[in-house]
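Got a structure here, written out as structure tokens. Questions coming.
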Amino acid sequence: MVFPKAGSRMEANKKWLSLPQNFRKKLIANVRCTTCNDMVTITDFIIVDHPVGVMLDGKCNDCGNKAVRVVEMEE
């Protein structure tokens, strides 16, 4: 397992927090779970840097399997 560097996680968190809170809540509640084949809420997630923005890496609230969402952001 590869863990992201602490510095990149801090930068990713800054990017994530720059989004309005109501928009962040909508993103958290609209993540595609390939196991459930539906849109779900992501839980137990971390924010990691991604080439196009940030990525939420966590678990599906319904089935508990891995769920991720990439959030594209302008630099």
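The values are calculated or read from the model by the stated rules, or taken from the named source; none is laboratory data. Quantities reported herein were computed from a predicted structural model and do not represent experimental measurements. Cβ placement follows ideal geometry from the backbone for every residue including glycine, while neighbour counts extend to all protein chains displayed.
Six or more apart or on different chains, Cβ under 6 Å: which pairs go from a residue in the range 56-75 that's surrounded by fewer than 18 Cβ atoms within 10 Å (Cβ to Cβ) to one that's of a type outside the set (Asp, Glu) and part of a loop (DSSP other than H, G, I, E, B)? Could you list them?
Listed by first residue and then by second, the contacts come to Asn61/Thr41; Asp62/Cys36; Cys63/Thr35; Cys63/Cys36; Asn65/Thr35; Glu72/Val52.
Another question, if that's okay. Please specify each residue of the range 1-31 satisfying the condition of being at pLDDT below 95, within 20 Å of Lys66 (Cα to Cα) and among the basic types (Lys, Arg).
Within the range 1-31, Arg9 is the sole residue that qualifies.
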